Amino acid sequence: MPSAFEAEPLAIVQAAEIFAQAAREGRRVSIDRAGGDLVVSTRYLNRLLEHEAGDLTATVEGGMRLSTLNARLAEHGQMLALDPPGDPTVGAAVAGDLFGPRAHRYGRARDLVLGVTVVLGDGTVANAGGKVVKNVAGYDLAKLFCGSRGRLGLIGRVSLRLHPRPESSRTLVIPVASPDEVQGIVRALLHSTLAPSAVDLVWSEGESTLALLFEGGEAATAAQLAQGRALLGGAEDGGVWDEVAARQLESRSRGAFPSGELRSALGELPTALVRIGPTCHAYLPQPYEQPWSPLAERVRQQFDPGGVLA
């Protein structure tokens, strides 16, 4: 191994050898974080392996940063719509179920991941899913690794669904004062022809803001912004997304609740960033360790019966 405490494999096959040796020696392994006897870094697993621009798909190694990937895709007018703040790696975003404002329109990692190549705790290399959007062969294990927190294996390679890069973006910011007002605006939005890419609520005692992001062609986004202002009020201010990113990065836990419970949930939250959709996600300043469910533990035991992964 490269080090008694940290290993930096240059290829998936090397990562597999490192895991297999750790399993033989009874050592625990953590991925890109402290916690194991050995830390395996994906720093050098950072290549763009394939980009099928015509199919809107790409295959990348798990250690590639989202900003690096999107810079490469921008040359072809495309993007990965997964947009969590902080510029994590693709593997970290998938394993941590990290997502940003655009999840309202494009979905989370499980909606954008087509396939994965993973290294299990005993060094086995496994493939799941495929490289194309219409792939239905076998069990969809790729989605199982979304939100797995590194407990099932190292995500070495990911095939992703891409989207066209929007020509223009405009942001409507609406001041709100109460849970009832937020619920009313969201209801009016859902019954309108508006199609925002993001609907985020910066919720605080005293002053709160609802931000809507419209993306597309210049004429279309201008029309959506004008329609939104006429229906909901507010003013244009793209700077709100800096505050949204800061709130998300500073949060210490994340909770979820159905959109029908939005009013009651806000009544119990003094401050939060709330990502609004069919399921709302609230980023909270209070720490909360989400328990590892009994079902998730049974799955982990099947993938890592030796308990190698920390």
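The values are calculated or read from the model by the stated rules, or taken from the named source; none is laboratory data. What you are looking at is a predicted structure, and each value in this text was computed from that prediction instead of being measured. Cβ placement follows ideal geometry from the backbone for every residue including glycine, while neighbour counts extend to all protein chains displayed. The accessibility values were calculated without ligands, DNA or RNA, using every heavy atom of the protein model including side chains. Shrake-Rupley method; radii C 1.70, N 1.55, O 1.52, S 1.80 Å.
Determine if the range 96-111 includes at least one residue that is open to solvent by less than 20 Å² (accessible area, probe 1.4 Å), among the aliphatic types (A, V, I, L, M) and in contact with a strand residue (DSSP E or B) (Cβ under 6 Å, 6 or more places away or on another chain).
There is no residue in the range 96-111 that is open to solvent by less than 20 Å² (accessible area, probe 1.4 Å), among the aliphatic types (A, V, I, L, M) and in contact with a strand residue (DSSP E or B) (Cβ under 6 Å, 6 or more places away or on another chain).
Go through the range 223-245 and report how many residues are open to solvent by less than 40 Å² (accessible area, probe 1.4 Å), without any contact (Cβ under 8 Å) to a residue 60 or more places away in the chain and assigned to a helix (DSSP H, G or I).
Adding up the residues that qualify gives 3.
With (1) loosely packed, with under 13 Cβ neighbours inside 10 Å; (2) touching a Pro at 6+ places or on another chain (Cβ under 7 Å); (3) aliphatic (A, V, I, L, M) as the list, and Leu10 as the residue in question, which single condition is left unmet?
Unmet for Leu10, out of (1) loosely packed, with under 13 Cβ neighbours inside 10 Å; (2) touching a Pro at 6+ places or on another chain (Cβ under 7 Å); (3) aliphatic (A, V, I, L, M): (2).
Take the conditions under 30 Å from Val40 (Cα atoms) and at pLDDT 95 or above and apply them to Ser159. Does it pass?
So Ser159 fits the description; yes.
Out of Gly115, Gly121, Gly86, which single residue is open to solvent by less than 20 Å² (accessible area, probe 1.4 Å) and part of a loop (DSSP other than H, G, I, E, B)?
Testing whether each residue is open to solvent by less than 20 Å² (accessible area, probe 1.4 Å) and part of a loop (DSSP other than H, G, I, E, B) leaves just Gly121.
Report, by residue number, each residue of the range 209-219 that is in contact (Cβ under 8 Å) with a residue 40 or more places away in the chain and over 22 Å from the mean Cα position of the chain (by Cα).
If the condition is that a residue be in contact (Cβ under 8 Å) with a residue 40 or more places away in the chain and over 22 Å from the mean Cα position of the chain (by Cα), then Gly217, Glu218 are the ones that fit.
Quickly run through the range 6-36 and pick out the residues that are in contact with a strand residue (DSSP E or B) (Cβ under 8 Å, 6 or more places away or on another chain) and closer than 20 Å to Ser148 by Cα.
Listed by number, the residues that qualify are Ile12, Ala15, Ala16, Phe19, Arg28, Val29, Ser30, Ile31, Asp32, Arg33, Gly36.
Which residue, of Val173, Val186, is open to solvent by less than 60 Å² (accessible area, probe 1.4 Å) and assigned to a helix (DSSP H, G or I)?
Val186
State whether one or more residues within the range 289-297 are touching a Ser or Thr at 6+ places or on another chain (Cβ under 9 Å) and part of a loop (DSSP other than H, G, I, E, B).
Checking the range 289-297: at least one residue is touching a Ser or Thr at 6+ places or on another chain (Cβ under 9 Å) and part of a loop (DSSP other than H, G, I, E, B).
Tell me the strands (runs of 3 or more DSSP E) entirely within the range 1-82 that contain at least 2 residues that are within 15 Å of Ser159 (Cβ to Cβ), out of contact with any Ser or Thr (no Cβ under 6 Å at 6 or more places or on another chain) and touching a residue at least 40 places away in the same chain (Cβ under 8 Å).
Those strands (runs of 3 or more DSSP E) span 57-61.
Can you tell me which residue in the range 189-222 is surrounded by the fewest Cβ atoms within 10 Å (Cβ to Cβ), limited to those that are of a type in the set (Asp, Glu) and under 21 Å from Val244 (Cβ atoms)?
Looking at the filtered set, the residue picked out is Glu205.
Looking only at the range 251-284, count every residue that is in a loop (DSSP other than H, G, I, E, B) and either among the acidic types (Asp, Glu) or loosely packed, with under 14 Cβ neighbours inside 10 Å (or both) and tell me the total.
Number satisfying all stated conditions: 3.
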